[in-house]
Structures are given as structure tokens and as C-alpha cells.
């Protein structure tokens, strides 16, 4: 089985960073001058201020993650005989072994498509991480039934091609492992 290495896209990360920074700046304005944002829908300055705080926290975290990912030298995704080594997003766990993968499904939220990687024992992967990453993965588990997902949002790769490669490799691996 050929090893496929997909790099992180600095261009995509840069765009995500710019958008996140713009939201942080907007959130700061909501915090500092909430009365200037009063509308028919949002009349309470305290609600606007709280929205600003939430915006700064969420998108500030995205800025920190984006900066770390921008300077990360690791390959974004590796597909080889061992499995899928994921380093593409905030909830990446590293190697997902082929033997652990039960099924792969495609899901879409708004315009973002992602692969859901269903595994035989999610706790093994949840135990590998802690803190914020584990919270993200547990959220995935509640929403989709698996803690693992992969998207091409930060990769130098088209989602359709990524989906084809990973699903094809899983089928090949399942055929070569008779006890599955």
C-alpha cells in the first residue's frame, strides 16, 4: 500500500486566521461599546457585551489554534498500511488504525463536509487526549456517535478526493484482513 502524505494548506489556514481575527476585533467592540450595536433584535447592552465575550473567547481560541497550525511542520494527514494519521484539526488524535475502523460516513454541516470515522472502541481514542481536545471529541461523540472526524478544511486537498482515497483504502484493508 502506497503511503499518501497530504500537507497542511498555509493558504487555507491564513484565510481562517483572518476571519477569526476579524471576529475577535468585532467581539472587542461589542465588549467596549455595546450601546453602539443596539438594534430592534438586540436591545440590551449586557447581552451584546456577553455576545462579545463569547465571540472573543471562541474566535480567540481559533486564532491561537490557527497560529499553531500555521507554523506546524507536521504532515496534515497520512494514509498508509497502518491507518490514517490525522494532524489536520483541533481534535486530531494521530494514528487511527485500520483494524479499529468499523465504518466511514460523510456528513455535512452548512457548507463544510467531513468524514466521520466510526471505531470499535471510542474510549481508546478519548483516553489518548485530555482537556479541550477531549471535550471536542466528546461533543462529536454525542452529536455523531463517534469522536473522530476528518475534514479537508486545513489540507492541501479536495474533499471529494480525500473521501475516495480513505474509503477505498478502508475497503482494501478490510479485504486483506479476513477476520473482520
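The values are calculated or read from the model by the stated rules, or taken from the named source; none is laboratory data. These numbers come from a predicted model, not from an experiment. In this analysis, Cβ positions are derived from the backbone assuming ideal geometry, glycine residues included, and neighbour counts consider all displayed protein chains.
Identify, by number, the condition in (1) buried (at least 20 other Cβ atoms within 10 Å of the Cβ); (2) in a loop (DSSP other than H, G, I, E, B) that residue 85 doesn't meet.
For residue 85, the exception is condition (2).
Name the single residue, out of those in the range 112-142 being within 14 Å of the chain's Cα centre (by Cα) and without any contact (Cβ under 8 Å) to a residue 24 or more places away in the chain, that is nearest to residue 166 (Cα to Cα). Outline the logic, then answer.
Of all residues in the range 112-142, those within 14 Å of the chain's Cα centre (by Cα) come to 112-117, 132-141.
Within this subset, residues satisfying the condition of being without any contact (Cβ under 8 Å) to a residue 24 or more places away in the chain are 134-135, 138-139, 141.
Working: 134: 24, 135: 26, 138: 23, 139: 23, 141: 21 Å.
Per the stated criteria, the residue is 141.
Is there a residue in the range 56-71 that is in contact (Cβ under 8 Å) with a residue 40 or more places away in the chain and not in a helix (DSSP H, G or I)?
no
Would you be able to say whether some residue in the range 24-35 is modelled with pLDDT under 95, part of a helix (DSSP H, G or I), outside the structural domain of residue 164 (by TED's automatic domain parsing) and under 16 Å from the mean Cα position of the chain (by Cα)?
no
Which one of the conditions (1) within 24 Å of residue 140 (Cβ to Cβ); (2) surrounded by fewer than 19 Cβ atoms within 10 Å (Cβ to Cβ); (3) modelled with pLDDT of 90 or more; (4) not assigned by TED's automatic domain parsing to the domain that holds residue 162 does residue 55 fail to meet, given that it meets all the rest?
That leaves (2) as the condition not met.
Kindly check whether there is at least one residue in the range 94-109 that is over 27 Å from residue 72 (Cα atoms), surrounded by fewer than 17 Cβ atoms within 10 Å (Cβ to Cβ) and in contact (Cβ under 8 Å) with a residue 60 or more places away in the chain.
Within the range 94-109, one or more residues are over 27 Å from residue 72 (Cα atoms), surrounded by fewer than 17 Cβ atoms within 10 Å (Cβ to Cβ) and in contact (Cβ under 8 Å) with a residue 60 or more places away in the chain.
Which number in (1) under 17 Å from the mean Cα position of the chain (by Cα); (2) under 22 Å from residue 149 (Cα atoms); (3) outside the structural domain of residue 151 (by TED's automatic domain parsing); (4) surrounded by 13 or more Cβ atoms within 10 Å (Cβ to Cβ) marks the one condition that residue 64 misses?
(4) is the only condition that residue 64 fails.
For a quick check of your reading: which strands (runs of 3 or more DSSP E) sit entirely within the range 89-179 and have at least 1 residues that are touching a strand residue (DSSP E or B) at 6+ places or on another chain (Cβ under 8 Å) and on the phi > 0 side of the Ramachandran plot? Steps first, answer last, please.
Numbers: elements: 94-97, 101-109, 112-119, 148-150.
Ranges flagged: 94-97.
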